[in-house]
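Working notes, structure below.
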Amino acid sequence: MKLTTIYYFLTSSRSFSIHIVFTISAIYYVSVAQLNALELVLIGTILELTVFICEIPTGLFADFFGRKKSFILGTVIIGSAHLLEGSIPEFWAIALASMLWGIGWTFISGSEEAWIADELENQALERVFLKGAQWRSIGSFLGIIMSVVLALFLSVQLAIILAGAFLLLIAIISLCIVPETNYIVNNASKFSDNIGIKFPIIELSS
């Protein structure tokens, strides 16, 4: 499978799943979980603070351990967050899910783009990113439509659970089909420079 096809699949399918939840989350919080105004504000605050705090550490994780591991881990965390909030319509569970969502998103943020840039060796990236944004928009649009369909014919709660399960499936598929051949040990040097620790570079002879 072409690298660009894999990239378009990942970015559009994840956007599809996330927008299923985003479209109906407010309805779920109010009508099913019955959160009050203060609790809704706290949910948003927890999410924003988590993203702010975790952005740098998760970026270093991607630099040191690889972009593939980073965005797959992020997808697993977000999928688990949606499963949690969909399964338990209580404030504490939704608050924990919001924190997990923020952590997961920071693992994904930038790592997918860095991965495709490495694999394509920075060739024709403007066209790839533009087309990726178009596929992401298509995924978002289809996710909105699917959320309405699932909410009407099943339930809002089940729609969120299914979206979380689909994200876990995307992570499993990514683990199987995503190559990472151009991630180099120099990134470990950049990581060590950022945190002030020198890691030895070991060369393996065949």
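The values are calculated or read from the model by the stated rules, or taken from the named source; none is laboratory data. On a predicted model such as this, the values are computed, not experimentally measured, just so you know. Neighbour counts are summed over all protein chains in view; Cβ atoms, including those assigned to glycine, are modelled from backbone coordinates with ideal geometry.
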Count, please, the residues in the stretch 88-111 that happen to be over 17 Å from Glu48 (Cβ atoms) and surrounded by 20 or more Cβ atoms within 10 Å (Cβ to Cβ). 1
Scanning the stretch 45-93 for residues that are more than 15 Å from the chain's Cα centre (by Cα) and polar (S, T, N, Q), the one farthest from Ala33 (Cα to Cα) turns out to be Thr45
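Any residue at all in the stretch 142-155 that's polar (S, T, N, Q) and either part of a helix (DSSP H, G or I) or modelled with pLDDT of 90 or more (or both)?
The answer is yes, given that some residue of the stretch 142-155 is polar (S, T, N, Q) and either part of a helix (DSSP H, G or I) or modelled with pLDDT of 90 or more (or both).
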Tell me, please, whether a residue that is in contact with a Phe, Trp or Tyr (Cβ under 9 Å, 6 or more places away or on another chain), part of a helix (DSSP H, G or I) and within 22 Å of Gly139 (Cα to Cα) can be found in the stretch 46-55. no
Quick check on this structure: which one of Glu85, Glu39 is charged (D, E, K, R), surrounded by fewer than 19 Cβ atoms within 10 Å (Cβ to Cβ) and either in contact (Cβ under 8 Å) with a residue 24 or more places away in the chain or part of a helix (DSSP H, G or I) (or both)? Glu39
Failed condition for Thr45, given (1) among the hydroxyl-bearing types (Ser, Thr, Tyr); (2) within 22 Å of Ser109 (Cα to Cα); (3) in contact (Cβ under 8 Å) with a residue 24 or more places away in the chain: (3)
So the check is Cβ under 7 Å with 6+ separation or different chains; which pairs have a first residue in the stretch 99-125 that's closer than 16 Å to Pro179 by Cα and in contact (Cβ under 8 Å) with a residue 12 or more places away in the chain and a second one that's of a type in the set (Val, Ile, Thr) and not in a helix (DSSP H, G or I)? Glu119/Thr181
